[in-house]
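The values are calculated or read from the model by the stated rules, or taken from the named source; none is laboratory data. What you see is a predicted model, and the numbers here were worked out from it, not measured in a lab. Every residue, glycine as well, gets a Cβ built from its backbone with ideal geometry; the counts of neighbours run over all protein chains shown. The accessibility values were calculated without ligands, DNA or RNA, using every heavy atom of the protein model including side chains. Shrake-Rupley method; radii C 1.70, N 1.55, O 1.52, S 1.80 Å.
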Amino acid sequence: MSQFSPDTEYQMSLFDTGRERSMALERVTDALKNKYGNSIVIRAVSKTDAGQALDRSAKIGGHYK
């Protein structure tokens, strides 16, 4: 991976009205995951019997450690 740019630079769009709010939400989500682990923010469906996110969050790349 190469040629990353800082999160202050992004492609502008004529139709994108919520970019700043979306970026703020991503920063908060990242901060929560850094503090409490990757499984702190998951989709609600992952709490059902068929959900896999909680199980996979305990693995490396979705596989057993």
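Values computed for the structure shown
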read-out	value
1.4 Å probe accessible area per residue over the chain, in Å²	97 Å²
Calculated from backbone phi, Karplus (6.51, -1.76, 1.60) coupling profile of the stretch 52-60 in Hz, x at Gly/Pro	10, 4, 5, 5, 6, 5, 8, 10, 8
Positive-pole candidate from Gln3, Ala50, Val28, dipole of the chain, charges at beta carbon	Ala50
Percent of Cα-Cα distances greater than 13 Å, calculated over the chain	75 percent
On Cα atoms only, tilt of 19-36 relative to the major axis of the chain in degrees	30 degrees
Electrostatic dipole magnitude of the chain [Cβ: Lys, Arg +1; Asp, Glu -1; Cα centre; debye, to 20]	360 debye
Loop GluC sites (Glu not before Pro), the chain (other Cβ atoms within 10 Å of the site Cβ: 16 or fewer; DSSP)	Glu9
